[in-house]
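S.K.: One structure follows; several queries about it will come next.
The values are calculated or read from the model by the stated rules, or taken from the named source; none is laboratory data. The shown structure was predicted, so the numbers you read here are calculated from the model rather than taken from an experiment. Virtual Cβ from ideal backbone geometry, glycine too; neighbours counted across all protein chains shown.
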Amino acid sequence: MPPPPPPATQPPSEQPQPGPAPAKKSAGRNLRAAIGVGVGLGVVIIAALFIVKAVFVGVVVAAVVVGVWELTSRLAERKGIRAPLIPLAVGGVAMVVAGYVWGADGAWVSTALTALAVLVWRMTRPAEDYLRDVTAGVFTVFYVPFLATFVVMMLAADDGPRRVLVFLLLTVVSDTGAYAVGWRFGSHRLAPRISPGKTREGLAGAMSFAMIAGALLMQFFIDDGRWWQGILLGLAAATSATLGDLGESMIKRDLGIKDMGTLLPGHGGIMDRLDSLLPTAPVVWLLLVLFVGQG
């Protein structure tokens with residue numbers, strides 16, 4: 001009898017191929033660089049905060065100037081919007097210094113003068129797109145230096161370094177809670193059209209972490225503070241930090257960019273780190289004034 005035919009085989013192209021490995025979650029960043037830069041910034045900020053108040057004011061001024069430059073540069077590159085940089089940078093410095101020296105009154109007056117300087121400076125160029133450019137300039141005035149004045153107004157209090165540290169810690173803890181919980185449990189998107197990576201579970205984590213941190217900080221770190229005030233403070237800080245992050249994500253989506261800059265490896269630009277800090281500053285300043293006074 002003839003030998004039995006060999007078993008039929010499929011051509012290599014028709015044989016079933018192993019499926020792709022399940023995709024692993026990725027933060028989309030160089031995590032090692034991000035951690036290194038974050039720790040370095042933290043050391044510099046805390047050292048400046050507790051050595052001499054004026055040094056920390058200088059840190060805020062530098063962040064404001066770089067942030068204004070990043071924002072106006074991206075507006076010019078992506079949209080052709082020419083917000084006048086010089087009055088914005090000079091006015092931003094004046095606003096921060098005035099807010100520290102003269103408080104809220106100084107901040108408001110310097111803000112108005114900076115907005116006026118933007119309108120006048122732009123008059124040196126042709127009238128075409130004048131309204132567009134000055135609108136972007138006034139937006140920049142309020143978005144970057146004006147919100148930053150609340151940080152130095154916190155600093156001006158007798159216990160200013162502690163207030164600023166509470167503000168910074170609550171924002172960082174909120175961001176960390178959102179990342180950690182969203183990474184592990186996130187499955188329901190919070191605002192998919194704006195920032196697809198953010199989840200409702202991450203928001204819950206941000207609020208929970210910030211409320212716990214706020215209760216501890218207000219009870220043990222701020223004179224005359226109470227734990228229940230810290231819970232409210234943490235909840236408000238987590239909310240404003242999330243909204244600030246979404247707000248800048250909306251701006252970057254409109255501009256068609258991923259980051260505002262490349263100055264900080266693993267983080268992007270200065271504005272990519274200020275996005276949650278800036279809108280949180282007036283919230284924390286106001287609640288601390290209501291809870292424990294001007295200081």
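Condition check ((1) outside the structural domain of residue 79 (by TED's automatic domain parsing); (2) within 27 Å of residue 149 (Cα to Cα); (3) out of contact with any helix residue (DSSP H, G or I) (no Cβ under 8 Å at 6 or more places or on another chain)) across all residues:
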site	(1), (2), (3)
178	yes, yes, no
184	yes, no, yes
199	yes, no, no
204	yes, no, no
209	yes, yes, no
225	yes, yes, no
244	yes, yes, no
278	yes, yes, no
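S.K.: Next question. Among residues belonging to region 210-261 that are among the polar types (S, T, N, Q) and touching a residue at least 60 places away in the same chain (Cβ under 8 Å), point out the one that is nearest to residue 70 (Cα to Cα).
M.R.: The residue in question is 242.
S.K.: Please go through region 40-76 and pick out each residue that is free of Cβ contacts under 8 Å to residues at least 60 places away in the same chain and among the acidic types (Asp, Glu).
M.R.: Of everything in region 40-76, nothing turns out to be free of Cβ contacts under 8 Å to residues at least 60 places away in the same chain and among the acidic types (Asp, Glu).
For every residue, the table says whether it meets (1) at pLDDT 95 or above; (2) of a type outside the set (A, V, I, L, M); (3) part of a helix (DSSP H, G or I); (4) buried (at least 21 other Cβ atoms within 10 Å of the Cβ).
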{"residue": "239", "(1), (2), (3), (4)": "yes, yes, yes, no"}
{"residue": "257", "(1), (2), (3), (4)": "no, no, no, no"}
{"residue": "284", "(1), (2), (3), (4)": "yes, no, yes, yes"}
{"residue": "289", "(1), (2), (3), (4)": "yes, no, yes, no"}
{"residue": "295", "(1), (2), (3), (4)": "no, yes, no, no"}
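S.K.: Which is of a type in the set (Val, Ile, Thr), surrounded by 15 or more Cβ atoms within 10 Å (Cβ to Cβ) and part of a helix (DSSP H, G or I), of 55, 64?
M.R.: Result: 64 is the single residue among 55, 64 that is of a type in the set (Val, Ile, Thr), surrounded by 15 or more Cβ atoms within 10 Å (Cβ to Cβ) and part of a helix (DSSP H, G or I).
S.K.: For region 75-93, which residues satisfy the criterion of being in contact with a Gly (Cβ under 8 Å, 6 or more places away or on another chain) and buried (at least 21 other Cβ atoms within 10 Å of the Cβ)?
M.R.: If the condition is that a residue be in contact with a Gly (Cβ under 8 Å, 6 or more places away or on another chain) and buried (at least 21 other Cβ atoms within 10 Å of the Cβ), then 83, 84, 87, 88 are the ones that fit.
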